[in-house]
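See below for the structure under consideration.
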Amino acid sequence: MAEMAVKKRRPKNLDLPTIRLPLPGILSIIHRISGAALFLLLPFLLWLLQSSLASPESFAAARAVVAHPLAKIVLLGLIWFYMHHFCAGIRYLLLDLHKGVELEAARLSSKIVFAVSIALTLIIGAKVLW
Amino acid sequence: MVNRILVGAHYGLKDWIIQRATAVVMALYTLLFLVVVGAVGPDSFEAWRAVFAHGFMKFATFLFLVSVFYHAWIGIRDIWMDYVKPDGLRLLLMIATATVLVGYAGWAFQILWRI
């Protein structure tokens, strides 16, 4: 019986152009993409922390790197990824506690996540980068 | 030959809990960080360094970074399990991920306790 359950073939549809994700689905895939991107940028962030704390010279060097227009764009994207992962993560924690699991509430909360994370990104970006 | 069938509950429950516990630690630190950086700001080296020289902030930052690394381990491992089907390659990627994360933890300790 259990063996049959394991071997049962389930239908799959992974034809990406035909899949239309609802907003909570878009939130979910950005949660994953942002997590992966933050992981890949960890060495850069650790280097930035190290340089900013080691000596006045390395602090100035880190500031010069961050001041570069290309770095600013990367960092702004990074801040958005962090804020999205943060806000979507809080939404998932609430869903785990069975808060807002109904369809309407889940759609509304995903809209709130996008609005809040983008607003926080603009505020923090404006304060730290420009 | 023993025919073991992997069905049942609790596989991955520990990881599921750790993923959420580390998320709570990181969320709390994020709020602390935003308040502290909002107040101090990375404008002068001395003020910035003084923030992390403080014992509590040093400890909290290290706790945050260790949470990041453990959280990243579970998340990235899930990505490899979802998308990488050849067993050898998947194992290689998991080992590489775990290795760099352990290295980052050592690096983070060095950064903070050199201050």
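The values are calculated or read from the model by the stated rules, or taken from the named source; none is laboratory data. Computed from a predicted model, the values in this text were never measured in an experiment. Cβ: placed from backbone, ideal geometry, glycine included. Neighbour counts: every protein chain shown. Only protein heavy atoms, including side chains, enter the accessible area calculation; ligands, DNA and RNA are left aside. Shrake-Rupley method; radii C 1.70, N 1.55, O 1.52, S 1.80 Å.
Scanning region A:55-68 for residues that are open to solvent by 60 Å² or more (accessible area, probe 1.4 Å) and either within 23 Å of B:Ile115 (Cβ to Cβ) or within 8 Å of another protein chain (Cβ to nearest Cβ) (or both) yields A:Pro56, A:Glu57, A:Arg63, A:Ala64.
Selection of region B:63-115 for residues being closer than 23 Å to B:Ala23 by Cβ and aromatic (Phe, Trp, Tyr) yields B:Phe64, B:Phe69, B:Tyr70, B:Trp73, B:Trp80, B:Tyr83, B:Tyr104, B:Trp107, B:Phe109. Suppose we filter region B:42-51 for residues that are more than 8 Å from every other protein chain (Cβ to nearest Cβ) and within 15 Å of A:Lys127 (Cβ to Cβ); how many remain? The qualifying residues number 1.
Taken over region A:19-53, the criterion of being within 8 Å of chain B (Cβ to nearest Cβ), open to solvent by less than 60 Å² (accessible area, probe 1.4 Å) and either on the phi > 0 side of the Ramachandran plot or without any contact (Cβ under 8 Å) to a residue 12 or more places away in the chain (or both) is satisfied by A:Ala36, A:Phe39, A:Leu42, A:Pro43, A:Leu46, A:Leu49, A:Gln50, A:Ser52, A:Leu53.
For region A:69-79, state whether one or more residues are open to solvent by 70 Å² or more (accessible area, probe 1.4 Å), out of contact with any Gly (no Cβ under 6 Å at 6 or more places or on another chain) and in a loop (DSSP other than H, G, I, E, B). Scanning region A:69-79, I find no residue that is open to solvent by 70 Å² or more (accessible area, probe 1.4 Å), out of contact with any Gly (no Cβ under 6 Å at 6 or more places or on another chain) and in a loop (DSSP other than H, G, I, E, B), so the answer is no. Consider A:Leu16 carefully, then state whether it is modelled with pLDDT under 95, open to solvent by 30 Å² or more (accessible area, probe 1.4 Å) and under 22 Å from the mean Cα position of the chain (by Cα). In short, yes. Residue under question is B:Lys14, and the condition is that it be out of contact with any Ser or Thr (no Cβ under 8 Å at 6 or more places or on another chain) and either open to solvent by less than 50 Å² (accessible area, probe 1.4 Å) or among the acidic types (Asp, Glu) (or both); does it hold? Against the criterion (out of contact with any Ser or Thr (no Cβ under 8 Å at 6 or more places or on another chain) and either open to solvent by less than 50 Å² (accessible area, probe 1.4 Å) or among the acidic types (Asp, Glu) (or both)), B:Lys14 does not qualify. Taking the condition within 26 Å of B:Gly106 (Cα to Cα), under 13 Å from the mean Cα position of the chain (by Cα) and away from chain B (no Cβ under 11 Å), does A:Phe81 pass? Yes, satisfied.
Under the condition of being more than 16 Å from A:Lys111 (Cβ to Cβ) and touching a residue at least 24 places away in the same chain (Cβ under 8 Å), the residues counted in region A:82-96 number 4.
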